[in-house]
Amino acid sequence: MNAIVITIGDEILLGQILDTNSRYIAEHLTAIGVEVKEMLTVGDKQDEIYGTVDYAMGEAELVVVTGGLGPTKDDMTKKVLAEYFGSKLIVNAQAMEWLEELLKGRGIALNENNKGQAILPDNCRILRNEKGTACGMWFEKGWKSLISLPGVPFEMEHLLENTVIPELKRRYPNLQLEYRMLKVYDIPESELAERLEKWEEALPEGLGLAYLPSPGLIKLRLTAKGKAVAKLDAYSSTLKAELAGLHYVEGEEETVEKQFGEICLRKGVSVATAESCTGGYIAHLITSVPGSSAYFKGCVVAYANEVKEKILGVGAADIETWEAVSESVVRQMAEGVKRLMRVDYAVATSGVAGPDGGTTEKPVGTVWIAVATPQKTIARKFVFSFTRERNIAKAAVKALELLIENIK
């Protein structure tokens with residue numbers, strides 16, 4: 001089965017809000033074997049919504065629409081779908097009962113705008129929205145389906161997970177689409193693609209490899225459709241063999257910070273960070289893992305040289321001689337926070353995140369990272385990219401990788 005996802009709303013086209021709904025819907029459809037072939041966004045104009053719905057129904061077996069179901073005049077989805085599917089808009093007694101029950105529980109009076117939420121097409125299945133006032137709608141046209149869901153993310157997510165996905169699984173038990181995810185660190189996408197070129201060319205029909213680059217890593221998604229699902233694990237194993245010698249983790253939920261936490265717990269060690277250019281981002285990654293308080297003691301964000309000197313004990317003369325972005329300074333930062341926090345391991349960063357501040361000797365993206373261990377302190381220099389956000393993210397991931405390497 002293939003599907004098209006349509007999001008509706010001028011606010012998305014204007015860039016005022018981020019469309020997270022399409023991604024969420026696609027992720028959950030893919031998980032049950034539905035292939036999303038397109039994602040479309042359209043504004044709050046009746047003719048544009050109608051044309052987009054008509055196109056999607058002609059191209060896909062399943063269309064999922066989100067947005068435009070509110071009580072205000074610019075919410076046109078219900079009216080357009082009623083017209084498209086030849087429906088009459090009527091007061092739905094069941095929907096009115098749900099609406100009254102919901103508003104009463106929230107202490108909100110029922111007004112004319114709210115009552116309009118119970119006016120629905122007469123030829124669709126109404127999906128109860130327990131989180132809001134806008135019901136979902138399920139239309140059938142021949143052997144195709146269109147499902148309309150609210151645009152409010154937590155309302156859409158609740159309906160999708162608890163009503164739509166279970167019903168699709170019941171109707172179509174033989175859907176087959178599975179994938180395996182590997183996250184590969186510290187290698188350019190072009191170099192990785194060249195390394196896997198021959199392996200990728202030999203993939204049988206029904207198996208495909210996608211490259212999904214993110215700051216500091218590349219996600220490899222190996223997807224199998226239909227009969228090829230039976231070969232997925234075998235080819236996943238051969239893919240891992242091709243990655244021998246590279247740092248990678250398996251699984252969509254697996255991350256370098258989670259891997260770092262597991263190693264800290266296994267080894268029984270404590271850690272702290274001293275961060276200049278990363279501004280506490282390494283600490284953020286570490287503490288995003290539940291239970292990290294068992295091994296993470298704290299962080300010093302030493303952005304100013306004064307903090308480096310007075311809190312971490314970096315020599316003023318070293319900063320004067322070598323500047324803050326240097327091996328000497330970052331070593332002292334790591335040793336200083338290790339001493340201050342009384343931990344087993346510490347990592348420190350100092351760099352030129354950008355977009356300004358670069359020189360010929362130290363261009364934007366230059367980052368020094370040091371790790372202080374119980375036996376020694378090591379420091380390495382990296383030159384990342386020209387983008388501030390990417391430099392911060394890459395430096396944080398690389399710092400965790402160096403910690404993992406030394407703790408191991």
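The values are calculated or read from the model by the stated rules, or taken from the named source; none is laboratory data. Only a predicted model underlies this, so the values are computations on that prediction, with no experimental measurement involved. Glycine also receives a Cβ, built like all others from the backbone with ideal geometry; neighbour counts cover every protein chain displayed. The protein model used for the area step is the full one, side chains on, heavy atoms only, and it has no ligands, DNA or RNA in it. Shrake-Rupley method; radii C 1.70, N 1.55, O 1.52, S 1.80 Å.
Here are the numbers:
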| read-out | value |
| --- | --- |
| By accessible area with a 1.4 Å probe, ligands and nucleic acids excluded, highest first: order of K258, K376, K394 | K376, K258, K394 |
| V314 long-range amide H proximity, modeled H, under 5 Å | E309 |
| Relative contact order (%) - criterion: Cα under 8 Å, at least six apart; region: the chain | 11 percent |
| Span from the the range 224-273 Cα centroid across to the the range 142-159 one, whole angstrom | 33 Å |
| G298 long-range amide H proximity, modeled H, under 5 Å | T273 |
| Whole-Hz ³J(HN,Hα) from phi, Karplus 6.51 cos²θ - 1.76 cosθ + 1.60, for the range 29-43, glycine and proline x | 5, 4, 4, 9, x, 8, 8, 7, 9, 8, 10, 10, 10, 9, x |
| Column: log10 I(q)/I(0), Debye, Cα scatterers of the chain, q = 0.12 Å⁻¹ | -1.01 |
| Taking the C-alpha atoms of the range 304-344, convex hull volume expressed per residue in Å³ | 54 Å³ |
| Solvent exposure of the range 124-243 as accessible area per residue, Å², 1.4 Å probe | 50 Å² |
| Amide H contacts under 5 Å for V65, placed H, 5+ residues apart | I6, I147, S148, L149 |
| Cα shape, the range 267-395, gyration tensor, a/c 1.5 rule | oblate |
| For the range 98-178, Kirkwood radius (reciprocal of mean inverse C-alpha pair distance, Å) | 14.1 Å |
| Most to least packed among 214-221, 201-208, 140-147 [average Cβ atoms within 10 Å] | 214-221, 140-147, 201-208 |
| Hydrodynamic radius by Kirkwood, which averages 1/r over all alpha carbon pairs of the range 13-122, in angstrom | 16.0 Å |
| With DNA, RNA and ligands ignored, accessible area of K131 (1.4 Å probe; Å², nearest 10) | 80 Å² |
| Derived scalar couplings ³J(HN,Hα) [the range 276-292; Karplus, 6.51 cos²θ - 1.76 cosθ + 1.60; whole Hz; x for Gly, Pro] | 10, 5, 7, x, x, 5, 5, 4, 4, 4, 4, 7, 6, 8, x, x, 5 |
| Accessible area per residue in Å² at 1.4 Å probe, computed on the range 266-346 | 48 Å² |
| Carbon + sulfur, % of accessible area of the range 165-241 - ligands and nucleic acids excluded, 1.4 Å | 48 percent |
| Under 13 Å, Cα to Cα: Lys pairs in the range 14-127, sequence gap 8 or more or different chains | 5 |
| Given charges at beta-carbon only (K, R positive; D, E negative), |dipole| of the chain in Debye | 1140 debye |
| Phi to ³J(HN,Hα) by Karplus 6.51 cos²θ - 1.76 cosθ + 1.60 over the range 181-197, Hz, x for Gly, Pro | 10, 10, 10, 10, 10, 6, 8, x, 4, 5, 5, 5, 4, 5, 5, 9, 4 |
